[in-house]
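Chemist: The structure's right below; bear with me while I get my questions together.
No lab work stands behind these numbers, since they all come straight from the coordinates. Keep in mind that what you see is a predicted model, and the values were worked out from it rather than measured. Cβ sites come from the backbone with ideal geometry, for glycine too, and all protein chains shown count toward neighbours.
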Amino acid sequence: MSSVKYKRVVLKLSGEALAGTQGFGIDPVIISSIAKQVKEVAELGVEVAVVVGGGNIWRGKTGSELGMDRATADYMGMLATVMNSLALQDSLEQQGIGTRVQTSIEMRQVAEPYIRRRAIRHLEKSRVVIFAAGTGNPYFSTDTTAALRAAEIEADVILMGKNNVDGVYSADPVKDSNAVKFDQLSYLDLIKDGLAVMDSTASSLCMDNDIPLIVFSIMEEGNIKRAVLGESIGTVVRGNK
């Protein structure tokens with residue numbers, strides 16, 4: 001543990017990261033790769049909590065834009081995160097890692113309800129805890145969930161694994177060849193410059209609670225381990241640069 005920089009982490013995964021190149025659903029190869037990376041970190045003694053989005057199945061904002069009631073569309077998105085969380089739990093347990101899914105919306109037949117103290121106890125017992133169903137409230141993103149849960153469990157850092165970029169850029173690097181990658185940023189930079197990393201609610205919550213954020217590519221195996229060891233990877237976002 002002496003070489004580990006972060007002892008308790010929240011890993012934030014987008015739903016799209018689980019879909020791989022197919023863009024929808026869950027790619028078994030990708031989810032297995034992520035599970036192996038989480039196992040690698042857990043075996044270092046790092047306590048790992050995970051928040052996963054649901055955009056590979058359903059995105060509440062899209063439903064709202066199509067005319068659906070926003071709250072209803074968001075609740076559907078929360079259910080999509082539960083499906084992803086159960087799939088990730090299964091993959092982790094196939095790797096021999098004890099895992100618990102806790103949901104913000106109670107559904108005892110498939111997962112535990114979210115209880116802060118119980119979540120911390122699971123982490124202390126070296127179990128991976130997956131926080132599903134967002135905050136349990138519409139109008140809040142899973143980025144905000146990650147920030148909220150990180151504050152509640154007193155995580156050392158949020159690790160944001162991306163499937164299409166390896167850090168934070170001044171513009172979309174896929175569309176703009178002149179986009180510049182940042183090594184370090186402040187949360188004020190994210191908010192002021194409108195950098196599409198996490199929404200302003202999540203950024204403000206991280207800034208107010210002094211929780212650092214590391215944005216990196218989840219597609220390169222070993223990157224989660226590199227991040228917890230404190231290696232220079234992706235983009236680091238802090239309250240102050």
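Chemist: Quote the Stokes-Einstein diffusion coefficient, in whole µm² s⁻¹, for the range 140-241, based on the Kirkwood radius over alpha carbon pairs, a temperature of 25 °C and a viscosity of 0.890 mPa s.
Modeler: For the chosen part, D equals 179 µm²/s.
Chemist: Under unit Cβ charges (Lys, Arg +1; Asp, Glu -1), what dipole magnitude, rounded to 20 debye, does the chain have relative to its Cα centre?
Modeler: That gives the chain a dipole magnitude of about 560 debye.
Chemist: On to the next question. Taking the simple approach of a point 7 Å from Cα along Cα-to-Cβ for both Ser170 and Ala71, what is their distance in nm?
Modeler: Taking the simple label geometry, Ser170 and Ala71 are separated by 4.4 nm.
Chemist: How high is the relative contact order of the chain, in percent, counting Cα pairs under 8 Å that sit 6 or more residues apart?
Modeler: Value for the chain: 22 percent.
Chemist: Distance check, please: which entries in Lys12/Lys225; Lys162/Lys225; Lys181/Lys225 exceed 19 angstrom between their Cα atoms?
Modeler: Lys181/Lys225
Chemist: Could you tell me which of Ser126, Gly161, Leu195 has its Cα farthest along the dipole of the chain towards the positive end, charges placed at Cβ (Lys, Arg +1; Asp, Glu -1), taken about the Cα centre?
Modeler: So the residue we want is Ser126.
Chemist: Nearest 500 deg cm²/dmol is fine: what mean residue ellipticity at 222 nm does the chain get from its DSSP H runs of n ≥ 4 alone, each adding -39,500 (n - 2.57), divided by its residue count?
Modeler: That comes out to -11500 deg cm²/dmol.
Chemist: Additional query: Would you kindly calculate the mean projected area, averaged across all directions, of the convex hull enclosing the Cα atoms of the chain, in square nanometres?
Modeler: So the mean shadow area of the Cα hull is 12.5 nm².
Chemist: Thinking of the range 1-63 as a set of Cα atoms, what percent of all their pairs are more than 17 Å apart?
Modeler: Distances greater than 17 Å cover 48 percent of the Cα pairs.
Chemist: Taking R0 as 22 Å, what FRET efficiency do you get between Glu40 and Lys7 from their Cβ-Cβ distance, rounded to the nearest 0.05?
Modeler: 0.90
Chemist: Relative to the Cα centre, what is the charge dipole magnitude of the range 116-241, using +1 at the beta carbon of each Lys and Arg, -1 at the beta carbon of each Asp and Glu, and rounding to the nearest 20 debye?
Modeler: The dipole magnitude comes to about 560 debye.
Chemist: Computed over the Cα atoms, what is the radius of gyration of the range 57-163 divided by 2.2 N^0.38 Å, N being its residue count?
Modeler: 1.09
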